Structures are given as structure tokens and as C-alpha cells.
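This report concerns only the one structure given below.
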Protein chains: 4
Amino acid sequence: MRAIVIHAAHDLRIEPVPVGRPGPGEVRIRLAVGGICGSDLHYYHHGGFGAVRLREPMILGHEVAGYVVEPGPGVEGLREGDLVAISPSRPCGGCRFCLAGMPNHCLNMRFYGSAMPFPHIQGAFREELVADAAQCVRADGLTPALAAMAEPLAVCLHAARRAGELLGRRVLVTGSGPIGCLAILAARRAGAVEIVATDIAAAPLVHARAVGADHTVDMATAPDGLAPWTADKGMFDVLFECSGAAAALAAAVPALRPGAVVVQLGLGGDMTLPMQAMTAKELDLRGSLRFHEEFPIAVRLMQAGLIDPSPLVTHTVPLAQAERGFELASNRAVAMKAQIRFA
Amino acid sequence: MRAIVIHAAHDLRIEPVPVGRPGPGEVRIRLAVGGICGSDLHYYHHGGFGAVRLREPMILGHEVAGYVVEPGPGVEGLREGDLVAISPSRPCGGCRFCLAGMPNHCLNMRFYGSAMPFPHIQGAFREELVADAAQCVRADGLTPALAAMAEPLAVCLHAARRAGELLGRRVLVTGSGPIGCLAILAARRAGAVEIVATDIAAAPLVHARAVGADHTVDMATAPDGLAPWTADKGMFDVLFECSGAAAALAAAVPALRPGAVVVQLGLGGDMTLPMQAMTAKELDLRGSLRFHEEFPIAVRLMQAGLIDPSPLVTHTVPLAQAERGFELASNRAVAMKAQIRFA
Amino acid sequence: MRAIVIHAAHDLRIEPVPVGRPGPGEVRIRLAVGGICGSDLHYYHHGGFGAVRLREPMILGHEVAGYVVEPGPGVEGLREGDLVAISPSRPCGGCRFCLAGMPNHCLNMRFYGSAMPFPHIQGAFREELVADAAQCVRADGLTPALAAMAEPLAVCLHAARRAGELLGRRVLVTGSGPIGCLAILAARRAGAVEIVATDIAAAPLVHARAVGADHTVDMATAPDGLAPWTADKGMFDVLFECSGAAAALAAAVPALRPGAVVVQLGLGGDMTLPMQAMTAKELDLRGSLRFHEEFPIAVRLMQAGLIDPSPLVTHTVPLAQAERGFELASNRAVAMKAQIRFA
Amino acid sequence: MRAIVIHAAHDLRIEPVPVGRPGPGEVRIRLAVGGICGSDLHYYHHGGFGAVRLREPMILGHEVAGYVVEPGPGVEGLREGDLVAISPSRPCGGCRFCLAGMPNHCLNMRFYGSAMPFPHIQGAFREELVADAAQCVRADGLTPALAAMAEPLAVCLHAARRAGELLGRRVLVTGSGPIGCLAILAARRAGAVEIVATDIAAAPLVHARAVGADHTVDMATAPDGLAPWTADKGMFDVLFECSGAAAALAAAVPALRPGAVVVQLGLGGDMTLPMQAMTAKELDLRGSLRFHEEFPIAVRLMQAGLIDPSPLVTHTVPLAQAERGFELASNRAVAMKAQIRFA
């Protein structure tokens, strides 16, 4: 069985790894599709981000779907051949955050493809995977490509819940990559009546419009493009900040109404923010990290046809061309979401 | 100019009333369509409801749309010929509830067609209407019939906001008349992933399914029909109680999960509730009354195609046949929303 | 070792029960004090309440404190001689409600002294008790009598959190028994600026004033006593309904402002409520059941001197006179909280 | 009549200004006491802050109390001789934020002593003042010095409400000047069970302890002083950031639990924040600006003895020595709140 292993920045290898057997409550899965995420790209290009650094080889990947090959002893509800979306989130279920309904802050989290603890948590870009049955959500009716979108969609559903009221609200999205575009879909599904998306490149904004943004602004060419929404102290009720760029958030502040909510999804290290204006407007800046119960909800919303991220999957490469996939995913002018086909 | 005036139970007359002229900030409107609401029917059948009783003749109606005929002095943004949805809500803007952002609880409210104060607040079922420009929302792109649905839709958008989080939630709607069906539309727009509707008659449930209910239960013929949702202390996150019948709420309690929200829309007088079970489940029973900022939002959501209540308008009668309209609207086996055509 | 066992209504016996030994993670405790709660009295007088019925003998009691006698293997942080308040709440830690941060709704709850499941969950009125270390909160600095008040205080802290904002708010408490009086203390601690308490007897209101109620109303002798707070649609922001009597809640409604929160603590079976008025006021009626993290908080607040329920402990009897304690606790004209001294 | 007028940085003059007469709904007041606020000091030392700059002479002051001298026509509830706390907040009552219950964001706010609009809004440091009766809250039972504390206390009550749940919570306060110390009082009143305060000087921390902080940390001498609260991803539930210093907030982040609330009260211009850690912890950073309904609540809480800020008033100078008062107020090693005595 082969896996995609990162050894160091720009040292991505396809290597054999041992095949596992499912224990009680586990499931062996033949992987179908894996989507490349921004954090995968950070490892690929920089060997990490912030204080998170590769210290040993690590299998990448956490946006995956596949087919059940072998349910382990005692597993119910999953049969051979079932397509499943696999949650990469593995909280311990026993720490104070798990018991407080905040498993995304688990003290002992083992999230696929994370170099945060050492030894690292190995990821899911491998031809076969043994996972807990509890991680698997049946994805009947979806394509594997869509099932593999459950993870980033869950990230944005969690962010939408963090935002609070969206029904009838005006929403701004800064940064129109995959997470920005999924935030647009989530905000629309939650009832946003007007959605404006920004970026500093033209190509992502085409996708933003394709998934429902009512207006887009290329801040690189139209730095004053948000001016129409700055009247009366600002018109947006909610901002999904998906760029991680301080400049994007700062440029948005004049267009946010007093009391607006900013959901910070982008992970941008230190950011220098206009806190005087933000405080005077009583903005509410909420971090959003991963997801918990939103993963099965993401699957169900796609199954019901209530959210359709399929336009965002722009590229698929076979496992043998994984590195080309990483290069494509890094090229914002060309690709939105690039996925790897494992079988 | 003619108006629809209720004199007493079952004494509905079409009578001439004087034509008004718009003062500063006002608009004269030629009415196009008026929808018949449950409260109109209460006056028609019973001369009131609860302690609210007719004490003088009153023009009925508060779900109306029409065309601007004459903007008064100083009115901007409205021109002759504009189709407008007209909000029947006229808070004073100065009392403590208005200044607290709760104008639906205005101490001096003058809501069209209400016998609550005396003299009564005359309603809007008349060929011409002089309204404040602030009550009028331009409804370009909508039919008059849809524009007249803005009011009951606003009621349900307000209820959806009262419900809190709906994205990815399971929702139960008890009572599938016009308000129940609009609650289905609002809940779906806010992201509900599964919606079940109940009634004690078959006909309304056909409409419930038409506007998106995933399942319907006729409690008259299947009193245990909610049993599939009672596992593990209950599966619904939110109940929109639109029947005003204690039995409907009581039957729903076993299917509501602990901590579920019940939004009470139906006005049912005294209700005998299973408070021990409701307390033990820590249910959160929230009344919902009318709306405030949701009126223009209702128009915008319909304009954007994000909510479409058009399947609910089942009958239209000309003004001359108003009483037949009231009879139709009272017949749940036949009609959902009946509207009167004024021009 | 002796325990207080209820066999049937009015059949309360002091019986020998076997002594246990603490297993890993458990603690053996010599009980010091146990408070008699309203639910204990229901079993004593009626053999249960609502659908909850005694079907076998059951040890009563769940408001207890004692001294550690023997920590079991692996227990840290508790030593022989420590005074501990013992939480009667034993959720499973694994069900969906435990993992959602709602352990008070645990699907497998084993709360001391509950006849809800069968076999019943035996209670804590016994000379010795083996409990999980996780149930024990060190109560250094408190008297055993105060430590035993942690449980009912936790109930009211939970209710206060359910109420939401209390800082600077006007609060009404209906029913001024032990729970009502503890709700007064909790509301004051959370910043209530004015607290009014009602009852239908004079004696409890003396206690209500003693713990901080600014005004009290005896609804039996002054049925219009809440009239001063009915101006402008009502002046109370929050109601803690501690009586379980529909009449108490109904009488309060005119004094509640639109949008007020009603926290229902009293367990009163079916209640006939003025739902039309409650809906029109958009009241928010929230059930409150037991507690979870509020138990250790109750201990800490008492240790810090921030809440002092000691005036509420009016009677203490030795174990041998347990039945007299139950009679005292049932006599609202005489007693507020009656406790049993076990050693 | 004399007033305290700032002409430019360090150019503070006591100058005669004309006496006014109260119109309908207005009240003429003989000022008793005025507290010097941080924003007054900014004008005094720097001629403004951020983009807010003096462009013409401006009377300073907005924390004031005085005695009614002459109620204008139609004023009820205020009589000659009444001591009143005077709110400096004068929203228009008609803009969209006033009508949304957010008057602190009024589009036409005229807050005493603000150089934000031009012409500037003149302040309240004058021997006599004509104010709207609606600004005046009777302060029977308080000293003028305490009545003049209503304004900064209201700021902190508003912040405490912005914080959400405080009952039983652990609270950190960074910056222990007057606002920090009042935040301690507000947090305690709202039920905080443990309060830790920090500063970079020793003197303010003495006051922090005097008003109830359980622990204090001088970050200048003990930069790791918050380490005991960093276990398990952090232990504080709420941070009141009162310093406006990015370093204070950054140092606090490791001691905040995931999901903690940060209320930003300090106005510190641009701040460089550790957003990666803040996002990963899903912190919720909420700006807090001034107050609205909290002003009369501040008076009532002091009248009821529920909050006592009197230890914070460390210095009082007569009007003739106003400049000395400003120098004292600027000296954190000596003074906490300095007030000016007008009569």
C-alpha cells in the first residue's frame, strides 16, 4: 500500500506503508479521493507553519472518502462497499473539553496529518486506511469527490454557526479560496440575503460568483471596492475572514456595521489590527477552528442537495501524480480545490 | 373607494370610505392584492378572539401590496407606478420598546386591522390606502400576489430568528396552514436539514410537502406518527408550533431532544401543557409575535429567489366576492392562502 | 451501617445496609449531614410524583456532605478527614448528551435517590457512602451543613445561568421555599438590582427577605400585590418560577416585560398557562433541570463568602429522628431547609 | 460661570462661559463633582488620540454629578436640590442604531467632551450645566463623588454584559487603572468566583486588591506571573482588557481557555495580536464602547450598596486647581480616580 509522505519542504514522496487490519469498532477502507488542503500545502512548501514544524516524515491529508473493505468486529451500520466520508478529527472523548461539547479543543486530539504533537499524527493520503467506525459517515448518493468535500465544508458550517444569525443578513467574505467559497455556500444556506466576496486575484472570484456571491471585489485592482457598503457606519452584519491577511480584515472594518461579527477562519500568524476602530464599533471577532458535529451534517446537506460544492473541485490527479496535484493546488490562478484519486 | 368592513361576526360588508390624500412622508397607494389572515377570519367568524372583541365597525386586512399612485411631499425612493409591499406595523418610534429594538412590542402600536385598542385600528382591505413611506418596501420583480405574502413571511422569518440556530438542524412544524408552511420555507432557508410537518387534516400536508417538508404526519389518522423521532430522548432540535393547539405541542414533546427550542406562533388562548416533561427536558418555549426588520428582508429574499411562497397562494377572488374569499380561506380542505384582488 | 429507606408512602424506615469498600477511583465517606429535598418529601408523602413511582424500597437523599474515611486506589487530591460535598449526579460520560456538554440529560444517569429507572437508584442518606472521587468536592472552610447545601444551590446556579443576563436586572421569584430562596441568593450574586419574591404563605417570605429579597408579596392575602410592576407592559426581566403552580406563573405574566425570561424550576405536572398573553409578550420559558458544572462552583462561591445560604438551614435532627425531620421539612410554616445529622 | 477648557495639548484654561436657561424638558444643574477620565487626559497631554484631534477650544469632562437648580418647563420627577448623576451620552433617538437598541452607536451622538465631530461637542466641566432631564438620574443617598462615578461604572457594566456569563467564572483583568478596577467590581457583582488583575506598575494593583481582586500580577516584575493559569489550555473564562496594550492581551492568551471571551475596553490604536493562537482557541474578542441603559443601573447598584467604587476616588481638587487634578490623574503611582470639586 502506498502513501503520500512529506519528509521536508518540497520533499514529497510516494512510499509503501504497511497495511493494517481493523480491530473492534474499526473499519478498513480503500481510499477513493483525497482533497489537498491549505495546511497540506504549508507542509509541502514550508515544512510547517508558525511554530508547527515537521520533525519526522508524516503522511499528509485529511479530506478523504473511500469505500469500506472490511468492517471490524462489532461494527454496525457499515458494510463492505459503502462509500464513506471519513472525519479526520479524533478527540479522546474523556477530557474536559470533550465533556463540555467542545471536542475540537480536545486536550488529546489526534487530527490526521498534524505535526503539532511529536510523534506526529499521520495523515490519510494512503491507499488504505483503518479508521474508527465513528469517524465514518455513509455518503450514499454522493460522488467520492463530493464526499471528500465534507471535511472543508464542515469547517465552514462550524464557522457559520459561530457567526450566529445569518438569516436575512448581509455577509462579506474576504479571501475566496476553497474555504472562502465554502463559506459563501454555508452563508447562503443559512439564509444570507446578500453576499460579497473579495480577493486579491481575479480567478478565485470567478468561483465565488459561481457558488453564489452576489458581488465580488478584486481588492488588488479596486482597493476602494467596498466603499458602497460603508454608508451609515457600515452595512455588513457578518464577515468571514478566510485570507489570514491583516490587510483584508482591516480593509473590511469600515464596511462592517457596529456590532458586526467577524469569524476568523484564516490562520495568519500575528496580525496587526485596527483595534481602536474595531473596539469603537463593538465588533465581535470570533476564531473558528475545525468542527465537531458539523461533519455528518455536511454530508447530509450535500445528500439533500441543500449545498453543492461540486463546482469547486476543479482538478483531479491520480496518486502517481500527487506532486503535480500539490503544484496545481498552489496555483490560485488555475485551481480551486485539487483532489487526488487513489483508486 | 370601497373597503371591506366587519361589523360583527358574519356581518362583512363592502362599503364606501373616503379617499385620503398623502401628507408629508406619506404615499397614496392603489391596492392590488390583500391576503386573508387567520386573525381576519377570527373577526369574521367570532367577532374577535380571547379578550379582543369588535366594539365598532373595522376595516379588515393587513397582508397587502399595491401600486404607488401619489407620493406625498418629501417622499424619496418611491415613484408613481412602483409596486410596494406595505407593512401593517406602525410602531411609535419613541417608547421604551421601540428604543430597545423591540418595536413589535411598541406601547403605542397601530397595527392594521386590530380591535385591541378602542377606537380600533382600521385595516388595509380598501381600494386605496394612504401609508407612511416607511411602511412601503419596493417589490420590483415580484407579482402583487407574492408582494402581499411579505407580511406572513415576515412573521415566520421573525419566528425563525427567535429559534436561533437552524443550520443543519432537525425541525418539526405542528400545524401546516399558511403560517406552518411559511415556517417550513423559513426553516429550510435557514439551513434545516430535515423538516417534518404535522396537521390533523390531509390537505394542508400536501402543501407542506410542496414547500419542502421531508415528511408529514397526519396526527388525526396516525397519532403515533412522531414515534420514529422519539429515540434517545428525542431528535428534533426545534419546533415551530403553528397550531395553537395544546394537543399538538404535547404530542411533540417526546420527539424533542433535551434543550430543544419551541417557537410558539399559534395563538391558542390558555393551553394545558405537560410542564413536568418540558421542564425535565429543559425545553425553551419562546413566544413569537409579528416581526420588525424582517418585513423588508422578506421582500428581498423573495426577490432574490431564495424563498418562494407562490405555491401557497391557492385562491384569488375579486373584491366584489370578498365574503366568498373569507369562506374559502376558512376551508382548510380546499384553500391554503386566499387573496382578494382589489384591482 | 444504617440508611433511611422509603418502602411506600409514609413507610420510612431506618435499616441496616452493608458497608462497602472503595474500588479504584472511589472514596469511602462517613456522612455528616443530609438535607431533605422536595423530591424526598414526594416519595415520603405520596410514594412518587407524576409517573415516577416507587416499585421497590429505596434509600432516599441526595444533598449530602461528609468526611473522607478511606480513599480508594489511585485517588489523588482527597485525604482521610477531608470534608467533601458529594454530588449526587452520576452521568455516564459517554452518551451523546454527556459528550455535548449536557450531562444533566445523560441517557444513563444514575442520580441518587431516583425511582425513575428500575431497579431504582439508591440514595445517599446512609451513615457511610462509597462514591466516585469525581463526585467529591473538597469543602475546606465550610460547615458540613453548608457543604450539604451545595446541591440545591447548584440547582439554582444552573437556573441562574439558564436565565441569561441578570446584572442590573429586575427579578421575580414565585415560590419562596428552599429553591426559591436559593434562587434569590443566586440572582443577587449574579447582579440582580431588584428582587421580588412571592408565596402563598407568610413564613417562607420571612426567609426570602432574610436572604435578600427587596420586596415580598403574599399572594394569598394580596392577590394584586404585583400590580406595581405591571406598568408599561411589565417591569420584571426574569422570573424564577419555583412553585410549580400554574397560578403563580399566570399571576406573574402581567408583571413580566415583553421578552422576559421565565426559568421554570418547580415541577408541577400539567400546567394550564395563559399562552396567548405569553406568546404576545414573546416570553421565553426555559425549563431548568438539576445542574452539571455548577456543583463545584456552588462550593467555591460559598467558600469565598460570595453566597451564604446558612440562614436557610432552620432545623437539624439526628438520624434516629429522621421521620421527624421529614415532618418538619413538610411544614412550610415552621421550617425552610431541614437537615439530618448522621454523625 | 467658569468652565475647564482645553485649547491645545497642555493648554488647559479656566474660563468664563455664559450661563444657560433650561428649555422645556431641560434642567439647570449646579455641578458638584467631575471625575477626570483617560480621554480627558489624552486631550490634555496630546491634544487628542488617534485620528481624533482638537481643532477648536473644547470644554472637557463627562463624569459629572450635581444639584438641580432649576427644572425647565414640563420636567417631572426632578426638583430643586436633587442630587443627580448626569449621563454624558446624548443619542438622537431616531437613527437606525437608536431604533435597534444600540444608542451607543448613534449616527448623531453628541457625547460630552468629544472632539470627534466638528464643531466639537462641549463637555461638562463647568459650574453650571443645562442638560436634558432624560440625562439625569436621581442619586439620593449617594455622595456627589459616588454619583460622578456612575459614568465609568456604566462603561464597565456594559462591558460585563458584553462578556456574557460571569456567574461562577474565572476572570482576568489586564490594566488596573480606574476602568480595570471598576471591571473588577462589575465582574464580582456579576458572580465571578475568581478574579486576577495585572498591571505593569505596583500602585494600581493595590487598588485592584482593595476592590476585590483575588490575585494580582505585576507583569513588569513577574512576566511569567500568569503561568499558574495556563494549565490544560488555560483557565480564565473571561478577560477584560483595559490597558489598550497589545502586549497585555498577548500575554494573557495562554491563560485563556478555548472559547474564552475577551472584552476589549482599552483603546489602544493598532494592536499586533497573536491571531493564530487566538483563532485556534476560538477566542471571542468583543469590543465594548461606552454604555446605554447601564447608566441608571450603575446609580441603582451603588444606591443598593451592591457595588461600592468609593475606594477608587483617591483625590479631589477644587476647580481652581484643575490642572493639578489633571497632573494627579496622570500619575498612576499616586492616584486612581481624581475628581474636581466644583462647589
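Rule-based calculations on the coordinates, nothing more; no lab input. Given the structure is predicted, the values throughout are model-derived calculations rather than measurements. In this analysis, Cβ positions are derived from the backbone assuming ideal geometry, glycine residues included, and neighbour counts consider all displayed protein chains.
All alpha carbon pair distances within the stretch A:99-175 were sorted into 10 Å bins beginning at 0; the resulting P(r) in whole percents reads 12, 36, 35, 16, 2. Taking the label point 7 Å along Cα→Cβ, residue D:45 and its counterparts in the other copies are spaced 4.3, 6.6, 7.2 nm apart, in ascending order. Copy-to-copy label distances for residue B:7, where each label lies 7 Å from Cα along Cα-to-Cβ, are 7.7, 8.1, 9.7 nm in order of increasing length. Spin-label model, residue B:230/residue A:110: points 7 Å from Cα along the beta carbon direction are separated by 4.0 nm. Residues in the stretch C:322-330 carry Karplus couplings, in order, of 3, 5, 4, x, 5, 5, 4, 4, 7 Hz; the curve used is 6.51 cos²θ - 1.76 cosθ + 1.60 with θ = phi - 60°, and Gly or Pro positions show x. With a Förster radius of 60 Å applied to the beta-carbon distance between residue D:46 and residue B:334, the computed FRET efficiency rounds to 0.20. Here the Kirkwood formula puts the hydrodynamic radius of the stretch B:167-294 at 14.3 Å, using every distinct Cα pair.
Fewest-first ordering of D:307, A:14 by other beta carbons within 10 Å of each residue's beta carbon gives A:14, D:307.
Each principal axis of the Cα cloud of the stretch B:183-228 was evaluated for its coordinate range; sorted largest first, these ranges are 30, 23, 12 Å. Evaluated at q = 0.14, 0.15, 0.16 Å⁻¹, a Debye calculation over the C-alpha positions of the stretch A:222-339 (equal weights, vacuum) places log10 I(q)/I(0) at -0.83, -0.91, -0.98. Write down the Kirkwood hydrodynamic radius of the protein assembly as shown, to one decimal in angstroms, obtained as one divided by the mean of 1/r over all alpha carbon pairs. About 33.8 Å, per the Kirkwood formula over Cα pairs.
Take each residue in C:153-164, count the other chain C-beta atoms within 10 Å of its C-beta, and the mean is 2.
With label points set 7 Å from Cα along Cα→Cβ, the inter-copy distances at residue C:269 are 2.4, 6.9, 7.0 nm, sorted shortest first. Taking 16 Å as the straight-line reach from the Cα of residue B:233, the lysines in range (excluding those fewer than 8 positions away in the same chain) are B:281.
Shape class for chain C: prolate, because the ratio a/c of the largest to smallest gyration tensor axis (alpha-carbon atoms, square roots of eigenvalues) is 1.5 or more and a/b beats b/c.
Closest approach of any chain A Cβ to the axis that rotates A onto C belongs to A:101, 2, distance given in whole Å. Under a 5 Å amide H cut-off, with hydrogens placed 1.01 Å from N, residue D:216 pairs with D:197 among residues at least 5 apart or on other chains. Over 11 Å, how big is the tail of the calculated P(r) for the stretch A:35-75, in percent of all Cα pairs? Cα-Cα pairs in the stretch A:35-75 separated by more than 11 Å: 71 percent.
If you look at the Cα atoms of the stretch C:278-343, you get an Rg and a Dmax of 17.2, 54 Å.
So what is the diffusion coefficient of the stretch C:131-187 in µm² per second by Stokes-Einstein at 20 °C and 1.002 mPa s, using a Kirkwood Rh over Cα pairs?
167 µm²/s
Semi-axis lengths, largest first, of the ellipsoid equivalent to the stretch B:109-222 are 30, 17, 14 Å, with √(5λ) applied to each eigenvalue of the Cα gyration tensor. Taking A:166, A:83, A:99 as the candidate residues, the one with maximal mean-square fluctuation in a Gaussian network model of chain A, Cα springs under 10 Å, is A:99.
Which of the three applies to the stretch C:73-135, rounded, prolate or oblate, going by the alpha-carbon gyration tensor with a ≥ b ≥ c and a/c under 1.5 meaning rounded? Oblate, since a/c reaches 1.5 and b/c is not below a/b. So if I take the centroid of the Cα atoms in the stretch C:224-291 and the same for the stretch B:301-316, what is the distance between those two points in Å? What the calculation gives is 37 Å, centre to centre.
Taking θ as phi - 60° and the Karplus parameters 6.51, -1.76 and 1.60, the scalar couplings of the stretch A:56-68 work out to 7, x, 9, 6, 8, x, 8, 10, 10, 9, x, 10, 5 Hz in sequence order, x denoting glycine and proline.
Listed by chain and number, the aspartates and glutamates whose alpha-carbon sits under 18 Å from that of residue C:337, ignoring those within fewer than 8 places in the same chain, are C:40, C:63, C:151, C:199, C:308, C:323, C:327.
A simple spin-label model places pseudo-atoms 7 Å from Cα toward Cβ; at residue D:13 and residue A:134 they are separated by 7.5 nm. Shape analysis of the stretch A:1-140 places it in the oblate category; the axes a ≥ b ≥ c from the Cα gyration tensor give an a/c of at least 1.5, with a/b not above b/c.
Separation of the stretch D:179-219 and the stretch D:1-75, taken as the distance between their Cα centroids, equals 30 angstrom.
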